[in-house]
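Data first, discussion second: the structure below is written as structure tokens.
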Amino acid sequence: MKKASINIFYDDEKLSAVRMYMKQKDIDIKSELEKTIDSMYARYVPSNVREFIDMKAVQKSSRTKVSSANSEETDEE
């Protein structure tokens, strides 16, 4: 799935404190933020929309695998 970036402004001192205490507990801020966004996605996006997005992702990955297999067959010839 294609990734997008999010930029937010947050108080520098608070962010430094969060990073410092998370580092002490060996917790990665990026993974925690991703979990938070995933939680928001599950909470606010209707289930039928999430299912549709999941189906599109599966379909896209299936097409990618098929095209990769086809290109490998072509390379072997």
Separation of the residue 22 and residue 41 label points, Cα + 7 Å toward Cβ, nm: 1.7 nm
Count neighbours as other Cβ atoms within 10 Å of each site's Cβ, and list the trypsin sites (Lys or Arg not before Pro) in the stretch 16-53 that are DSSP loop with at most 15 such neighbours. 25
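Within 10 Å of each residue's Cβ, count the other Cβ atoms and sort 13, 32 from fewest upward.
The most exposed by this proxy come first: 13, 32.
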Karplus-derived 3J(HN,Hα), 6.51/-1.76/1.60, for each residue of the stretch 38-47, Hz, glycine and proline x: 4, 5, 5, 4, 5, 6, 9, 8, x, 4
Go through the stretch 1-45 and name the chymotrypsin sites (Phe, Trp or Tyr not before Pro) that are in a DSSP coil and have 15 or fewer other Cβ atoms within 10 Å of their Cβ. 9, 10
Excluding residues on the same chain fewer than 8 positions from residue 60, give the lysines whose Cα lies under 27 Å from its Cα. 2, 3, 30, 35
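Any read-out appearing in this document is the output of simple, stated calculations on the displayed coordinates, not a laboratory observation. Everything quoted here is computed from the prediction, not taken from an experiment. Cβ atoms come from the backbone with ideal geometry, glycine included; neighbour counts cover every protein chain shown.
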